[in-house]
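Chemist: One structure is given below, represented as structure tokens, and several questions about it will come after.
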Amino acid sequence: MPAGRDTPTVIVADDSAVVREGVTRILASGGFEVTGQARSADELLEMVAQDPPDLAVVDIRMPPSHNAGLLAAERIRERYGQQVRVLVLSQYLEPDYALRLLGAGVDGVGYLLKDRIAESSELIDGARRVVQGGSAIDPDVVAELVRNARATDQLSRLAPREREVLAAMAEGRSNRSIAERLHLAIKTVEGLTAMIFDKLDLKPGPDDNRRVLAVLAYLDRRD
Amino acid sequence: MSARVVSGVAALVFAIVTAMVGVGQGAPLRFLLLDAILGLSFLVAGMLAWRRRPDVRTGPALTLCVGLWFLGSYGPAGIEGLSSLGFSFEQYYDLVLAYLVLTFPQRRLERLPRLLLVVLAANLVLRSFARLLLYDPPTFDPIGCSACPSNPFAVWPNAALSQSVEVVTGTVIVAAYVLIVGLVILRWGNAPSPSRRILRPVLLAGGVAAFAAAYQNANLLTEIVFQRPLLAVEDLWIEIEAWLLFGARALIPLGFLAGVFLLRAAHGPAARLAVEFGTDRDRPEHIESALRQALADPSIEVRHWDAELNRWTDEQGDPAQALQEADGRSVLLLERHGSPVAAVVHDAVLLEDPGLLASVGAVLRLSIDNDRLSAQVQRQLEEVHASRARILAAADEERRGIERDLHDGAQHRLLGISMSLQDVRSQAASIGAPDVLLDRLELVAVELREAMREMRELARGIHPAVLTNEGLEPAVRTLARRCTVPVDLGIDLNGRLPAPVETTAYYVVAEGLTNVARHSRATRSRVQLGLENGFLVVEVSDDGSGGASPGNGSGLRGLSDRVAALDGVLTVTSRGSGGTCLRAEIPRL
């Protein structure tokens with residue numbers, strides 16, 4: 001979130017009025033200022049161009065075409081970089097959408113399932129991480145990736161707790177966030193992450209975002 | 001008993017009687033033997049020809065010749081009465097043979113040959129009755145009968161008149177045989193090549209025999225007029241001459257026999273035609289060229305009747321003029337239920353063997369019917385094929401529609417309810433509702449989230465949106481990720497493919513990986529997608545226990561149908577311990 005402003009601005013884009021209203025209400029309750037609501041991808045791009053917000057929450061599927069929302073999100077990231085962060089809400093579990101979105105960098109981007117709207121705290125938490133320049137990948141989507149690798153030998157070397165930490169890292173959480181979520185001391189989390197990186201032969205990244213990329217790339221291994 | 005057997009037995013009996021009479025009269029053995037052999041060779045040839053081709057008159061005519069031949073044998077026999085009859089009615093077989101040669105195998109006589117045969121017959125008859133009624137002793141033949149008995153039929157013996165009749169009729173007879181030789185040569189020259197093969201032995205033997213008859217009659221004539229033979233030769237040559245004339249007649253039965261057998265063989269073209277029709281079917285003009293080949297008639301043309309457009313077409317299907325009968329050209333019309341099917345114009349000489357045209361026509365009709373039916377089947381097959389692809393596309397579209405409706409309709413509605421529930425819960429909490437109520441509300445919220453998750457999976461199962469939105473590669477990657485057996489992916493696709501192709505390939509991978517996970521006890525599997533020669537090739541293989549086949553379980557069969565609807569091929573190779581490989585080759589469209 002840019003300095004000097006304590007209330008981040010948001011534009012919510014979704015073709016369903018119910019979802020638009022719901023997301024708006026939740027974000028407002030979480031300390032965001034919703035400056036606009038868009039019903040289509042074109043409308044979103046227009047509104048962002050007029051008054052760039054800190055965050056755009058975008059439905060992946062909007063008129064005119066099926067993935068117009070995703071395309072609009074990519075356009076925004078391309079054009080505005082870190083000025084406008086993007087959180088995509090999707091009904092698709094497939095990690096490929098998220099990975100596609102992350103292809104341009106994990107900083108300030110999120111991919112959450114729409115179901116999260118039903119748990120307002122999750123949505124607010126994700127939106128906050130993204131608007132602060134971090135990333136938020138839906139736990140279910142990460143679970144899809146972990147499920148893939150379940151069969152590989154390396155992951156079976158991890159202890160259950162370590163696997164939980166790995167998934168949390170993949171979601172884009174910082175050590176502090178992981179510690180809070182798993183009810184652990186931050187020192188313990190630091191130790192566990194080091195252990196995981198060691199076991200999986202990964203280079204420890206200098207920051208949280210690089211760490212997400214490394215973990216996701218590891219999970220999405222295709223060979 | 002058939003006429004053939006009766007005639008044969010009668011002729012045989014006559015031959016035996018004649019030979020016995022000859023023996024009784026002390027005729028030279030050599031003469032008897034040759035006479036009998038020649039007469040019997042006519043009989044054998046006649047019987048064989050009769051049996052082989054009862055529809056051709058060669059057989060009966062040759063058998064008749066046996067009788068006529070042995071009738072002449074009584075001429076030099078030296079028995080009063082019989083000798084006169086034999087001498088008077090000798091050489092009638094030459095007339096029959098001339099008729100056979102000129103008409104073989106079933107030709108109608110034209111005006112000139114008919115006139116010639118009538119004149120010949122009239123003169124032979126005239127000479128016969130002159131000899132029977134005017135001569136006594138009855139012969140002028142210096143060789144045949146030197147001490148012949150008197151003629152009991154000579155009611156009005158007149159040497160001068162009989163000599164005049166002999167000269168006049170003899171001259172006409174010689175001229176007739178010479179003309180017959182000419183006609184034979186002419187017929188050979190005019191015959192088209194297919195006929196020549198059959199006519200060759202008959203015309204050759206006939207020509208030689210007619211020449212021999214002419215020579216023999218000319219010899220007799222010079223004997224009467226100049227009291228010397230036509231060629232003044234020594235005794236030795238007289239003998240050779242007699243043998244040659246004899247041999248010339250002996251050729252006749254052989255020639256006809258060969259001709260009749262060749263006539264039979266000429267039906268070979270029908271069989272050859274059937275073979276020709278079988279090969280080279282793809283060429284539009286194959287019927288025409290096969291007919292030309294089989295009938296050795298390069299002038300053959302074929303027309304087909306186009307019943308829809310009511311017109312004749314050539315073999316290429318272009319409109320063409322109706323075929324006309326013309327000079328030397330005849331038209332064979334093939335019909336079905338009274339309407340024309342095809343027409344063939346051919347050399348009229350082929351009509352001489354109606355059996356040939358009938359069998360060729362039958363083969364042709366079969367072939368045309370066959371072509372028509374296979375074209376019809378092909379057309380129907382294409383229609384069925386196209387409709388199958390359309391049905392498949394429609395079903396896919398419907399599934400896409402259902403998936404969209406679930407997401408945009410039901411799922412959004414559930415989301416709305418979920419949010420309302422949250423509101424209710426927080427309001428309830430703010431007015432201090434009891435924990436029991438709040439817990440119940442939380443439970444409902446959890447159930448609701450579970451319902452949404454299930455609905456997402458359901459929609460995904462109906463149609464994976466990622467396939468439509470992102471393409472085959474991400475969709476297949478998701479399948480691989482979800483498979484409980486580790487999957488190696490080898491995907492080399494150049495962009496998107498048409499939706500039916502992508503959808504079908506997706507189902508191939510889905511079914512393949514389902515089987516890998518369920519049945520194969522595999523530890524590893526491999527999915528490969530690539531483009532080869534305009535085909536999308538999909539392969540799902542594993543290192544499991546094998547045993548899958550397309551007939552095995554409706555999953556693979558339905559998949560096979562789906563692939564086939566796009567003109568693709570699905571194969572399952574099960575290598576026992578070497579695992580299973582499911583492979584689909586789908587045209588890229």
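Chemist: Being over 23 Å from residue B:469 (Cα atoms) and among the basic types (Lys, Arg) narrows it down to one residue among B:524, B:496; which is it?
Modeler: B:524
Yes/no matrix, rows are residues, columns are (1) surrounded by fewer than 20 Cβ atoms within 10 Å (Cβ to Cβ); (2) within 15 Å of residue B:15 (Cα to Cα):
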{"residue": "B:56", "(1), (2)": "no, no"}
{"residue": "B:60", "(1), (2)": "yes, no"}
{"residue": "B:75", "(1), (2)": "no, yes"}
{"residue": "B:108", "(1), (2)": "yes, no"}
{"residue": "B:114", "(1), (2)": "yes, no"}
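Chemist: Also, quick follow-up: Test each condition in (1) without any contact (Cβ under 8 Å) to a residue 24 or more places away in the chain; (2) buried (at least 19 other Cβ atoms within 10 Å of the Cβ); (3) charged (D, E, K, R) for residue B:327 and report the one that comes out false.
Modeler: Answer for residue B:327: the failing condition is (2).
Chemist: Which number in (1) of a type outside the set (D, E, K, R); (2) surrounded by fewer than 19 Cβ atoms within 10 Å (Cβ to Cβ); (3) over 28 Å from residue B:411 (Cα atoms) marks the one condition that residue B:448 misses?
Modeler: (3)
Chemist: Run down A:116, A:85, A:75 and say which single residue is among the basic types (Lys, Arg) and out of contact with any helix residue (DSSP H, G or I) (no Cβ under 6 Å at 6 or more places or on another chain).
Modeler: Values: A:116 fails: out of contact with any helix residue (DSSP H, G or I) (no Cβ under 6 Å at 6 or more places or on another chain); A:85 fails: out of contact with any helix residue (DSSP H, G or I) (no Cβ under 6 Å at 6 or more places or on another chain).
Only one candidate passes the filter, namely A:75.
Chemist: Does segment A:86-104 contain at least one residue that is part of a helix (DSSP H, G or I), aromatic (Phe, Trp, Tyr) and either modelled with pLDDT under 90 or under 14 Å from the mean Cα position of the chain (by Cα) (or both)?
Modeler: Checked against the condition, which is being part of a helix (DSSP H, G or I), aromatic (Phe, Trp, Tyr) and either modelled with pLDDT under 90 or under 14 Å from the mean Cα position of the chain (by Cα) (or both), segment A:86-104 yields at least one hit.
Chemist: Checking residue A:146 against (1) facing chain B (nearest Cβ under 10 Å); (2) in contact (Cβ under 8 Å) with a residue 40 or more places away in the chain; (3) within 26 Å of residue B:404 (Cβ to Cβ), which test does it fail?
Modeler: With respect to (1) facing chain B (nearest Cβ under 10 Å); (2) in contact (Cβ under 8 Å) with a residue 40 or more places away in the chain; (3) within 26 Å of residue B:404 (Cβ to Cβ), residue A:146 is out only on (3).
Chemist: Condition first: touching a Gly at 6+ places or on another chain (Cβ under 9 Å) and either more than 22 Å from residue B:462 (Cβ to Cβ) or at pLDDT 90 or above (or both). Now tell me which residues in segment A:62-73 satisfy that. First the steps, then the outcome.
Modeler: Start the filter on segment A:62-73 by keeping residues that are touching a Gly at 6+ places or on another chain (Cβ under 9 Å), which leaves A:62.
Within segment A:62-73, none qualify.
Chemist: Follow-up. Is one or more of the residues making up segment A:12-34 among the hydroxyl-bearing types (Ser, Thr, Tyr), modelled with pLDDT under 90, part of a loop (DSSP other than H, G, I, E, B) and under 20 Å from residue A:123 (Cβ atoms)?
Modeler: From segment A:12-34, those among the hydroxyl-bearing types (Ser, Thr, Tyr) are A:16, A:24, A:29; that's our starting set.
Now restrict to residues that are modelled with pLDDT under 90: A:16.
Checking which are part of a loop (DSSP other than H, G, I, E, B) leaves us with A:16.
Checking the rest, the ones that are also under 20 Å from residue A:123 (Cβ atoms) come to A:16.
Looking through segment A:12-34, at least one residue is among the hydroxyl-bearing types (Ser, Thr, Tyr), modelled with pLDDT under 90, part of a loop (DSSP other than H, G, I, E, B) and under 20 Å from residue A:123 (Cβ atoms).
Chemist: Further, regarding this structure: May I ask you to verify whether residue B:434 is within 29 Å of residue B:572 (Cβ to Cβ) and surrounded by fewer than 22 Cβ atoms within 10 Å (Cβ to Cβ)?
Modeler: no
Chemist: Going residue by residue through segment A:61-70, is there one that turns out to be away from chain B (no Cβ under 14 Å) and buried (at least 24 other Cβ atoms within 10 Å of the Cβ)?
Modeler: no
Chemist: What's the total number of residues in segment B:81-113 that are out of contact with any helix residue (DSSP H, G or I) (no Cβ under 9 Å at 6 or more places or on another chain) and closer than 28 Å to residue B:164 by Cβ?
Modeler: 1
Chemist: Within segment A:71-81, is there a residue that is of a type outside the set (S, T, N, Q), in contact (Cβ under 8 Å) with a residue 60 or more places away in the chain, surrounded by fewer than 23 Cβ atoms within 10 Å (Cβ to Cβ) and more than 14 Å from every other protein chain (Cβ to nearest Cβ)? Talk me through it step by step, then tell me what you get.
Modeler: Residues of segment A:71-81 of a type outside the set (S, T, N, Q): A:71-81.
Restricting the remaining residues to those that are in contact (Cβ under 8 Å) with a residue 60 or more places away in the chain gives none.
No, that holds for no residue.
Chemist: Also: Kindly indicate whether residue B:414 is closer than 21 Å to residue A:115 by Cβ, assigned to a helix (DSSP H, G or I) and away from chain A (no Cβ under 13 Å). Don't jump to the end; show me each part of the working.
Modeler: Values: closer than 21 Å to residue A:115 by Cβ: yes; assigned to a helix (DSSP H, G or I): yes; away from chain A (no Cβ under 13 Å): no.
In short, no.
Chemist: Can you find, within segment B:452-489, the residue that is surrounded by the fewest Cβ atoms within 10 Å (Cβ to Cβ) among those that are more than 9 Å from every other protein chain (Cβ to nearest Cβ) and within 25 Å of residue B:588 (Cα to Cα)?
Modeler: Checking each candidate, the answer is B:461.
Chemist: Residues in segment B:383-390: is at least one touching a Leu at 6+ places or on another chain (Cβ under 8 Å) and modelled with pLDDT under 90?
Modeler: Looking for residues that are touching a Leu at 6+ places or on another chain (Cβ under 8 Å) and modelled with pLDDT under 90, one finds at least one in segment B:383-390, hence yes.
Chemist: Take the residues of segment B:92-106 that are outside any helix (DSSP H, G or I) and surrounded by 22 or more Cβ atoms within 10 Å (Cβ to Cβ): which is modelled with the lowest pLDDT?
Modeler: Filtering first and then ranking leaves B:105.
Chemist: Another one. Among the numbered criteria (1) buried (at least 19 other Cβ atoms within 10 Å of the Cβ); (2) of a type outside the set (A, V, I, L, M); (3) at the interface with chain B (Cβ under 10 Å from one of its Cβ atoms); (4) in contact (Cβ under 8 Å) with a residue 12 or more places away in the chain, which single criterion is violated by residue A:100?
Modeler: All conditions are met except number (1).
Chemist: Against the definition (modelled with pLDDT of 80 or more and not in a strand (DSSP E or B)), how does residue B:332 come out, yes or no? I'd like the intermediate steps shown before the answer.
Modeler: On the way: modelled with pLDDT of 80 or more: yes; not in a strand (DSSP E or B): no.
The answer is no for residue B:332.
Chemist: Examine segment A:2-14 for a residue that is surrounded by fewer than 19 Cβ atoms within 10 Å (Cβ to Cβ), away from chain B (no Cβ under 14 Å) and touching an Asp or Glu at 6+ places or on another chain (Cβ under 6 Å), and state whether such a residue exists. First the steps, then the outcome.
Modeler: Restricting attention to segment A:2-14, the residues satisfying the condition of being surrounded by fewer than 19 Cβ atoms within 10 Å (Cβ to Cβ) are A:2-7.
If we keep only those that are away from chain B (no Cβ under 14 Å) too, we end up with A:2-7.
Then drop every residue that is not touching an Asp or Glu at 6+ places or on another chain (Cβ under 6 Å), which leaves A:7.
Yes, some residue in segment A:2-14 is surrounded by fewer than 19 Cβ atoms within 10 Å (Cβ to Cβ), away from chain B (no Cβ under 14 Å) and touching an Asp or Glu at 6+ places or on another chain (Cβ under 6 Å).
Chemist: Against the definition (acidic (Asp, Glu), part of a helix (DSSP H, G or I) and at the interface with chain A (Cβ under 10 Å from one of its Cβ atoms)), how does residue B:439 come out, yes or no?
Modeler: no
Chemist: For segment B:452-472, indicate whether the set of residues that are out of contact with any Lys or Arg (no Cβ under 9 Å at 6 or more places or on another chain), farther than 19 Å from residue A:93 by Cβ and assigned to a helix (DSSP H, G or I) is non-empty.
Modeler: No, every residue in segment B:452-472 fails to be out of contact with any Lys or Arg (no Cβ under 9 Å at 6 or more places or on another chain), farther than 19 Å from residue A:93 by Cβ and assigned to a helix (DSSP H, G or I).
Chemist: Which one is surrounded by the fewest Cβ atoms within 10 Å (Cβ to Cβ), of the residues in segment B:9-18 that are touching a Gly at 6+ places or on another chain (Cβ under 9 Å) and not hydroxyl-bearing (Ser, Thr, Tyr)?
Modeler: It comes out as B:10.
Chemist: Within the bounds of segment B:289-301, is there any residue that is closer than 30 Å to residue B:109 by Cα, of a type in the set (Val, Ile, Thr) and either touching a residue at least 60 places away in the same chain (Cβ under 8 Å) or buried (at least 17 other Cβ atoms within 10 Å of the Cβ) (or both)?
Modeler: yes
Chemist: If only one of A:137, A:124, A:117 is modelled with pLDDT of 90 or more and within 14 Å of chain B (Cβ to nearest Cβ), which one is it?
Modeler: Values: A:137 fails: within 14 Å of chain B (Cβ to nearest Cβ); A:117 fails: modelled with pLDDT of 90 or more.
So the residue among A:137, A:124, A:117 that is modelled with pLDDT of 90 or more and within 14 Å of chain B (Cβ to nearest Cβ) is A:124.
Chemist: Any chance segment A:191-200 includes a residue that's within 19 Å of the chain's Cα centre (by Cα) and either crowded, with 17+ Cβ neighbours inside 10 Å or within 14 Å of another protein chain (Cβ to nearest Cβ) (or both)?
Modeler: no
Chemist: When you check residue A:116 against the structure, is it of a type in the set (Lys, Arg), assigned to a helix (DSSP H, G or I) and surrounded by fewer than 23 Cβ atoms within 10 Å (Cβ to Cβ), yes or no?
Modeler: When the stated conditions are applied, residue A:116 does not pass them.
Chemist: Please give the number of the condition residue A:24 fails out of (1) more than 30 Å from residue B:477 (Cβ to Cβ); (2) among the polar types (S, T, N, Q); (3) in contact with an Asp or Glu (Cβ under 9 Å, 6 or more places away or on another chain); (4) within 13 Å of chain B (Cβ to nearest Cβ).
Modeler: (3)
The values are calculated or read from the model by the stated rules, or taken from the named source; none is laboratory data. Small disclaimer: the values here were computed from a predicted structure and weren't measured. Note: ideal-geometry Cβ built from the backbone for every residue, glycine included; neighbour counts use all protein chains shown.
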